[in-house]
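Just so it is clear, none of the values below were taken in a lab; they were calculated from the coordinates. What you are looking at is a predicted structure, and each value in this text was computed from that prediction instead of being measured. Glycine gets a Cβ as well: all are built from the backbone with ideal geometry, and neighbour counts include every protein chain shown.
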Amino acid sequence: MNGQLIDNMPDADYRAAAGLAFSKLVRIDQSPAHTLVKRKATTAMDFGRAAHVCILEPTRFVGLYAPAPRVDRRTKAGKDAYEAARQQTPNAELLPEDDYETLIAMRKGVYANANLQRILAAPHMTEASMFWTDQTTGLALKGRADWLSRRGVLIDLKTTEDASVEAFERSLATWDYFGQLAYYADGATACGIDVQHCLLIAVEKEQPFGVAVYQIDDSALDAGRAMNRWRLTRYAQCVKDNSWPGYPAHIQTIGLPAWKLKQIEHMKGVCG
């Protein structure tokens, strides 16, 4: 064991702490130069963060978030009503009322799932902060697991447009969830927790707020570890050389992707 696991670490403290997070490492797929750029928060990221608290830490959610009044803030009356709501909940972030209601509905969908009720009721840590050293490169790493039990269950919550198997398998690949779960599982292992099950909770953001639970299979985790090994090796080399190149300078040849060529071939066949 070469890691440290910290429960209830404030988010700001975690972000300020030393260590290479997966969200930064994965940008090396684009280029090393992209890992140096601090990612800007987006509305989607803010919504996702609120969803995590609402679903996994409902007690904290009540104190951290409140619905904003449905008013026109371009008018004096609207501004006054909004300010009055802010004064009533000075320590809470005001969310658009539609977003707040959506989050509550998403939470209801999660806890309507009997399996999830049972799993989430088990003793666990939320937002478990993990710090460890990669033994191959010597890099200091960090990760923050959405939900982690000492019995070896690691859960990540994802909001999505489509939680069906077919769509979410694409999300698993497109958004590199398989690499992220492998990274976190390795971090938990370094901190003394033998992860046996990596689960993804997929929650749709629109009615009927469908919920699906997926266990990541070993082949996907192995693929994630292989990708992460390549990333860590390349990142460590950039640190050693103090060189963070962007895209290649030479002219590159590109063509149509395989799926488009297949589509064209199909169209040619239909047209005779």
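Using a Förster distance of 25 angstrom, determine the FRET efficiency expected from the C-beta separation of Gln135 and Asp29, and round it to 0.05. Kindly include the intermediate steps, with their values, before the conclusion.
On the way: r = 23 Å, r/R0 = 0.91.
E between Gln135 and Asp29, to the nearest 0.05, is 0.65.
Can you return the lysines within cross-link range of Lys142? Criterion is Cα-Cα under 30 Å, with same-chain partners fewer than 8 residues away left out.
Lys24, Lys38, Lys40, Lys158, Lys205, Lys240
Quick one: of the DSSP bridges fully inside the chain, what percent are antiparallel, nearest 5? Don't skip to the end; give the middle numbers.
Working: 18 of 30 bridges.
Percentage antiparallel, nearest 5: 60.
Using Cα positions and a limit of under 24 Å, work out the lysines in reach of Lys260, with same-chain residues fewer than 8 apart set aside.
List returned: Lys268.
Before anything else, pin down the relative contact order of the chain: Cα pairs under 8 Å, at least 6 apart, normalised by residue count, whole percent. Let's see the in-between values first.
Values: 363 pairs, mean separation 62.4, N = 272.
This gives 23 percent for the chain.
Grab the DSSP H runs of the chain that are 4 residues or longer, score each as -39,500 (n - 2.57), total them, divide by all residues and round the 222 nm result to the nearest 500 deg cm²/dmol. Each step should come with its number before you reach the end.
On the way: 11 runs with 128 residues, N = 272.
So the calculated ellipticity at 222 nm is -14500 deg cm²/dmol.
Could you list the square roots of 5 times each eigenvalue of the Cα gyration tensor of region 126-272, that is, the equivalent ellipsoid semi-axes, sorted largest first and rounded to whole Å? Let's see the in-between values first.
Working: eigenvalues 207, 144, 31 Å².
Those come to 32, 27, 12 Å.
Full-extension gain between Trp259 and Glu57, please, as 0.36 nm times their residue separation minus the C-alpha to C-alpha distance. Intermediate values should be presented prior to the final figure.
On the way: separation 202, 0.36 × 202 = 72.72 nm, distance 4.15 nm.
68.6 nm is the gain from fully extending Trp259 to Glu57.
Can you put Glu57, Glu161 in order, fewest other beta carbons within 10 Å first? Let's see the in-between values first.
Details: Glu57 16, Glu161 9.
Listing Glu57, Glu161 from fewest to most nearby Cβ atoms yields Glu161, Glu57.
So what are the three principal axis dimensions of region 1-101 from its Cα atoms, in whole Å, longest to shortest?
So the extents along the principal axes, rounded to whole Å, are 55, 31, 21.
How long is the gain from Ala18 to His197 if the chain were fully straight, where each residue apart is worth 0.36 nm and the alpha carbon distance is subtracted?
Here the answer is 61.7 nm.
Each residue of region 243-259 in order: what ³J(HN,Hα) in whole Hz does its phi give by Karplus 6.51 cos²θ - 1.76 cosθ + 1.60, θ = phi - 60°, with x for Gly and Pro?
Karplus-based 3J(HN,Hα) across region 243-259 equals 9, 10, x, x, 6, x, 7, 7, 6, 10, 8, 10, x, 7, x, 4, 5 Hz.
Take the alpha carbon atoms of region 209-264, find their center, do the same for region 57-82, and report the distance between the two centers in whole angstrom.
41 Å
Here are several values of Rg and Dmax of the Cα atoms in Å: [x] 21.7, 70; [y] 26.4, 96; [z] 17.2, 57. Which one was derived from the coordinates shown?
It is the value labelled [x].
Please check which bits of region 186-201 a label hung off Ile6 would reach, taking the label as a point 7 Å along Cα-to-C-beta and the cut-off as backbone N under 16 Å.
188, 191
How far, in nm, would the chain grow between Asp80 and Ala105 when pulled straight, counting 0.36 nm per residue and subtracting the alpha carbon separation? Can you show the working numbers first?
Values: separation 25, 0.36 × 25 = 9.00 nm, distance 2.88 nm.
Computed gain between Asp80 and Ala105 is 6.1 nm.
Starting from the Cα of Asp217, move 7 Å in the Cα-to-Cβ direction to define the label point; list residues of region 145-165 whose amide nitrogen is under 16 Å from there.
Answer for region 145-165: 165.
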